[in-house]
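Chemist: I'd like to ask you about the structure that follows.
The values are calculated or read from the model by the stated rules, or taken from the named source; none is laboratory data. Model, not experiment: these values are computed from the prediction. Cβ sites come from the backbone with ideal geometry, for glycine too, and all protein chains shown count toward neighbours.
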Amino acid sequence: MKIWKKVISGAVALSMVGIIAACGDNNEVNNEPENDDAGNDTEENVNNDTANNNDEENDAEASEDQEEVTLTYARGNDATGATNVLIDAFMEENPHITVEFREMPADTGQSHDQYVTEFSAGDATIDVFDADVIWPAEFAQGGYVLELDRFIERDGIDMDEYFEGTVDSGNFDGRQWAMPKFTDAGLLYYRSDIVDEAPETWDDLIEMATEYQGEEGTDFGYLMQANQYEGLVVNAVEFIAAYGGSVLDEDQNVTVNSPETIAAIEKMIEIVESDFVPGDILNFDEPATHTAFLEGQSVFARNWPYMQAMTEDEDQSQVQGKVEFALLPAGDAGSASGLGGWMSMINRNSEHPEEAWELLKFMTGAEGQKITAIEGGSAPTLRALYDDEEVREAAPLFADEEFVNTLENAVPRPVSPIYPQISDLMQIELSRALAGDITAEEAAENMESAIESALAE
Ligand code: GLC
């Protein structure tokens, strides 16, 4: 299946993040011998025999050495169901550990605020949790999480096996605070029963969305995340980069007030004000997007890789076999995909740091990431899993070189210790522009002065 159009050759000259594929031995993804199905039969048999012969002794030892522990693991709402499979697999291998799943809001900003409230009060309820790629520096600085280097070194985990950019997102002050669980990059989904090819540029998308809206029972031409929340910033960063703009440069200078950013915001306004998006597009987040798209309501949609697995799930999707993916359309400077993704961290106040680490290590190791990829459609951060047959078969996306390239070249959000504040300021001004209250020029000017004052504080 040809997923990617070759349109945008050289388009992603936007590789600001420089995630470099780690080159490592594919068979030893995480130094976990038990992950290597092929080589371990004999060893397993031996272990089983020993276990059978010494059941009583082993049980006694187990209960002495391995205290029964219950961990609380938190992450945002998981519409794919992968989390339960992941937890069950972990508990099966670690019978002395029970994991209770605490579901947090789907909105990353709301989850963030709940974690900050609990952790800053020293609450020990949550042991392990998933952190958006934009949080680790803040959580490390706030003293909310455990530093992981001692575990990583002790268990011989080779960080070079992971995409470099995802490791960097969890590194602060030279230390590792989070392990990469899955990575995200914005994609364009389209209905292959309606259009033959994905649009090459945003102007093409506007034209095609207008033309094909209404075909095959669709109500809309395009869906995006335009609600006032973190997802809006990601959508905006994609437009801004596609038109050649940026928010901050490497030296933390504010660069957002530029003709390029203004052109990008104008394009967003044009789309949001068009007749081919839902009337309430300003309330749309990822769940609203996948719900409408899976119901067959739209020709095109921007979303993360997880939606791919859902489109083929007969219980959830009315568009099975009718969906393809492509790079997001290009602006004047090319196509840009926003970098997202999730890491796992341990609450500094967890009463069970060892067991918490075992869970974190499992989820972010090869076995756990494989479950998240196959059951949840989320993209692994371990390079070697893209060569794993089961992963490749589970989702065409993962077998596609261009997609893996997109992941490696995705554009990060502004990198700053005060990112949450910058994001809030951007959300406010972008929302006002999309609602028609201010112009794109005013939004760019306001973002510049607000971010400059925040950085100067
Ligand atoms: C996805 C991304 C995350 C981003 C969020 C925005 O969950 O992985 O990085 O912040 O969407 O809604």
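Chemist: Which one of these is of a type in the set (Gly, Ala, Ser), within 16 Å of the ligand (Cβ to nearest atom), buried (at least 17 other Cβ atoms within 10 Å of the Cβ) and not in a helix (DSSP H, G or I): ALA226, ALA241, ALA236?
Modeler: Criteria check complete, one pass: ALA226.
Chemist: What number goes with the only condition from (1) within 16 Å of the ligand (Cβ to nearest atom); (2) under 27 Å from VAL415 (Cα atoms); (3) among the β-branched types (Val, Ile, Thr) that THR291 does not pass?
Modeler: Of everything listed in (1) within 16 Å of the ligand (Cβ to nearest atom); (2) under 27 Å from VAL415 (Cα atoms); (3) among the β-branched types (Val, Ile, Thr), THR291 misses just condition (2).
Chemist: Could you tell me whether region 337-357 includes any residue that is buried (at least 24 other Cβ atoms within 10 Å of the Cβ) and assigned to a loop (DSSP other than H, G, I, E, B)?
Modeler: Yes: region 337-357 contains one or more residues that are buried (at least 24 other Cβ atoms within 10 Å of the Cβ) and assigned to a loop (DSSP other than H, G, I, E, B).
Chemist: What residue, among those in region 195-223 that are touching a Ser or Thr at 6+ places or on another chain (Cβ under 8 Å) and closer than 15 Å to PHE325 by Cα, is nearest to the ligand (Cβ to nearest atom)?
Modeler: Filtering region 195-223 for residues that are touching a Ser or Thr at 6+ places or on another chain (Cβ under 8 Å) and closer than 15 Å to PHE325 by Cα, the one nearest to the ligand (Cβ to nearest atom) comes out as LEU223.
Chemist: So which residues in region 121-140 are under 18 Å from GLU351 (Cβ atoms) and either touching a residue at least 12 places away in the same chain (Cβ under 8 Å) or among the polar types (S, T, N, Q) (or both)?
Modeler: GLY122, ASP123, ALA124, THR125, ILE126, ASP127, VAL128, PHE129 - these are the residues of region 121-140 that are under 18 Å from GLU351 (Cβ atoms) and either touching a residue at least 12 places away in the same chain (Cβ under 8 Å) or among the polar types (S, T, N, Q) (or both).
Chemist: Inspect all residues belonging to region 170-185 and state whether any of them is in a loop (DSSP other than H, G, I, E, B) and polar (S, T, N, Q).
Modeler: For region 170-185, residues in a loop (DSSP other than H, G, I, E, B) and polar (S, T, N, Q): absent.
Chemist: Would you say GLN369 is buried (at least 20 other Cβ atoms within 10 Å of the Cβ) and outside any loop (DSSP other than H, G, I, E, B)?
Modeler: Spelling it out, GLN369 is indeed buried (at least 20 other Cβ atoms within 10 Å of the Cβ) and outside any loop (DSSP other than H, G, I, E, B).
Chemist: What's the number of the condition PHE163 fails, among (1) on the phi < 0 side of the Ramachandran plot; (2) without any contact (Cβ under 8 Å) to a residue 40 or more places away in the chain; (3) in the same structural domain as GLU375 (by TED's automatic domain parsing)?
Modeler: Unmet for PHE163, out of (1) on the phi < 0 side of the Ramachandran plot; (2) without any contact (Cβ under 8 Å) to a residue 40 or more places away in the chain; (3) in the same structural domain as GLU375 (by TED's automatic domain parsing): (2).
For (1) surrounded by 21 or more Cβ atoms within 10 Å (Cβ to Cβ); (2) away from the ligand (no atom under 14 Å from the Cβ); (3) under 20 Å from the mean Cα position of the chain (by Cα); (4) assigned to a strand (DSSP E or B), each residue gets a yes or a no:
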{"site": "PRO95", "(1), (2), (3), (4)": "no, yes, no, no"}
{"site": "ARG102", "(1), (2), (3), (4)": "no, yes, yes, yes"}
{"site": "GLN110", "(1), (2), (3), (4)": "no, no, yes, no"}
{"site": "GLU118", "(1), (2), (3), (4)": "no, yes, no, no"}
{"site": "ILE126", "(1), (2), (3), (4)": "yes, yes, no, no"}
{"site": "ASP130", "(1), (2), (3), (4)": "yes, no, yes, yes"}
{"site": "GLY143", "(1), (2), (3), (4)": "no, yes, no, no"}
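Chemist: Still on this model: Collect the residues in region 165-194 that are more than 16 Å from the ligand (Cβ to nearest atom) and within 16 Å of ILE152 (Cα to Cα), keeping them in residue-number order.
Modeler: Those that are more than 16 Å from the ligand (Cβ to nearest atom) and within 16 Å of ILE152 (Cα to Cα): ASN171, PHE172, GLY174, ARG175, GLN176, TRP177.
Chemist: Same structure again: Does VAL167 count as modelled with pLDDT under 95 and assigned to a helix (DSSP H, G or I)?
Modeler: yes
Chemist: When the residues of region 327-336 are filtered to those that are surrounded by fewer than 24 Cβ atoms within 10 Å (Cβ to Cβ) and among the hydrophobic types (A, V, I, L, M, F, W, C), which remaining residue is farthest from ILE194 (Cα to Cα)?
Modeler: My answer is ALA333.
Chemist: Here's another thing I want to ask about it. Quick one: in region 271-291, which of the residues that are among the hydroxyl-bearing types (Ser, Thr, Tyr) and part of a helix (DSSP H, G or I) is nearest to the chain's Cα centre (by Cα)?
Modeler: Here the answer is THR289.
Chemist: In addition: Report yes if LEU248 is under 23 Å from the mean Cα position of the chain (by Cα), more than 16 Å from the ligand (Cβ to nearest atom) and not hydroxyl-bearing (Ser, Thr, Tyr), otherwise no.
Modeler: The answer is yes for LEU248.
Chemist: Which numbered condition trips up GLY156, out of (1) without any contact (Cβ under 8 Å) to a residue 60 or more places away in the chain; (2) at positive phi?
Modeler: Among (1) without any contact (Cβ under 8 Å) to a residue 60 or more places away in the chain; (2) at positive phi, the lone unmet condition for GLY156 is (1).
Chemist: For ASP251, only one of the following conditions fails: (1) part of a loop (DSSP other than H, G, I, E, B); (2) at pLDDT 95 or above. What is its number?
Modeler: It is condition (2) that ASP251 fails.
Chemist: Still on this structure, I have one more. Only one of (1) in a loop (DSSP other than H, G, I, E, B); (2) under 17 Å from LEU205 (Cβ atoms) is not met by MET268, so which one is it?
Modeler: Here MET268 clears every test but (1).
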